[in-house]
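Below you'll find the structure, written out as structure tokens, and then a few comments.
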Amino acid sequence: MKIENARAQMRKGTLDMCILSIISKEEIYPSDIIKKLKKSEMIVVEGTMYPLLTRLKNAGMLDYSWRESKSGPPRKYYRLTKKGAKYLEELRESWKAIVKSVSTF
Amino acid sequence: MNQTMHINLGGYSFVMDIDAYDLLDEYITSLERHFLHEEGATEILSDIEARMAELFREKLKGSEIVTKKIVSSTIHQMGDASFFEDEHTHEEVLDDRSAGISAGKRLYRDPEDKILGGVCSGIAQYFGVEDPLWIRLFFVVLNIAGGSSFVLYVLLWIIVPIAKTRSERLAMRGEPINIDSIVRSVQDELDDIQDSLSSLKQKVKEEMDFDELNDFHEIKDVFKRYKKKVKNNRSCWCPWDTFRSYPK
């Protein structure tokens with residue numbers, strides 16, 4: 001039993017919610033999402049996020065548009081769809097319920 | 001001195017050392033394999049490439065050439081293919097590595113150890129027979145005994161793909177495809193090249209008499225001067241770009 005394994009499992013379970021939360025605040029570029037996730041130690045390796053973004057987009061939770069960039073090629077900016085916003089709300093409810101249940105023990 | 005090449009990654013152009021390019025190519029191939037059956041694989045890969053390009057630019061800090069060090073630190077930051085499914089901890093990945101050795105094993109023809117098509121050595125690799133000679137003997141004996149092993153051989157030659165890329169060769173040997181194994185196999189290949197170069201040097205030294213050796217040094221000087229010129233003038237055609245194993 002290693003604490004690091006348990007942490008990894010917890011991060012994995014909540015990563016979707018964190019990504020959706022970050023995107024719900026503003027239209028955002030993936031590299032900036034990574035910066036935020038890394039700052040709060042939610043991801044260890046960056047590559048994990050890209051399949052997640054594409055899966056969420058394919059599931060209709062996210063949408064993106066291309067924007068010109070000053071320093072390079074155009075960048076993808078993600079935003080939440082209505083479906084995504086609803087899903088995030090449900091995720092937050094479940095999270096609150098879990099935290100509440102866990103803290104009663 | 002190192003040879004370099006130009007690449008386009010995520011919409012940026014980079015000048016890379018050859019060994020850095022090999023490592024990057026191998027990494028991207030391993031990701032392609034990993035996402036082969038994933039919906040939106042192309043999109044995931046192009047996102048990852050764009051991010052890597054960004055990291056290269058950050059790490060270059062004004063220098064011009066992407067080195068192997070930059071590539072491997074970027075790869076460590078992105079994570080190797082085994083990380084992508086779920087975010088394991090490092091210990092778990094290590095466990096998978098020793099436990100799952102034969103999990104991804106596939107039958108390929110071995111281009112590095114072949115007499116005809118590399119079928120027998122490929123089979124030997126697949127079943128973990130140390131010396132492909134036994135498989136070869138088996139085929140020959142079966143043929144003499146009246147079996148149709150020759151037809152079988154030709155059929156296998158046609159059906160079984162040859163292990164062309166480094167990740168295919170790793171899959172052939174049943175080694176997991178991750179950064180460590182890729183780096184190791186690149187290193188092995190470089191060592192091989194180094195060995196054959198130094199033996200060539202030795203041979204040249206032995207076979208040339210003194211006068212010829214002087215000529216040789218003169219030629220080398222001319223090359224050196226030309227190289228300097230090329231360095232100062234990048235648009236100049238560089239004949240050894242086409243000869244990747246030109247000695248240092």
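Tabulated values for the structure
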{"quantity": "Unique match (being crowded, with 17+ Cβ neighbours inside 10 Å and either without any contact (Cβ under 8 Å) to a residue 12 or more places away in the chain or within 13 Å of another protein chain (Cβ to nearest Cβ) (or both)) among B:21, B:27", "calculated": "B:27"}
{"quantity": "Helices (runs of 4 or more DSSP H) (entirely within the range B:42-157) containing at least 1 residues that are at pLDDT 85 or above and within 14 Å of chain A (Cβ to nearest Cβ)", "calculated": "B:68-78"}
{"quantity": "Lone qualifier among A:75, A:11 - being over 23 Å from residue B:52 (Cα atoms), facing chain B (nearest Cβ under 10 Å) and touching a residue at least 24 places away in the same chain (Cβ under 8 Å)", "calculated": "A:11"}
{"quantity": "Odd one out for residue A:40, checked against (1) within 17 Å of residue B:49 (Cα to Cα); (2) more than 14 Å from chain B (Cβ to nearest Cβ); (3) among the hydroxyl-bearing types (Ser, Thr, Tyr)", "calculated": "(1)"}
{"quantity": "Flag if residue A:48 is modelled with pLDDT of 90 or more and either more than 12 Å from chain B (Cβ to nearest Cβ) or closer than 25 Å to residue B:10 by Cβ (or both)", "calculated": "no"}
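Residues are listed down the side, and each one gets a yes or a no for (1) basic (Lys, Arg); (2) under 12 Å from the mean Cα position of the chain (by Cα):
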{"site": "A:1", "(1), (2)": "no, no"}
{"site": "A:9", "(1), (2)": "no, no"}
{"site": "A:23", "(1), (2)": "no, yes"}
{"site": "A:38", "(1), (2)": "yes, yes"}
{"site": "A:63", "(1), (2)": "no, no"}
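The values are calculated or read from the model by the stated rules, or taken from the named source; none is laboratory data. Values in this document were obtained by computation on a predicted structure and should not be read as measured data. Using ideal geometry, Cβ is built from the backbone for each residue, glycine included, and neighbour counts are taken over all protein chains shown.
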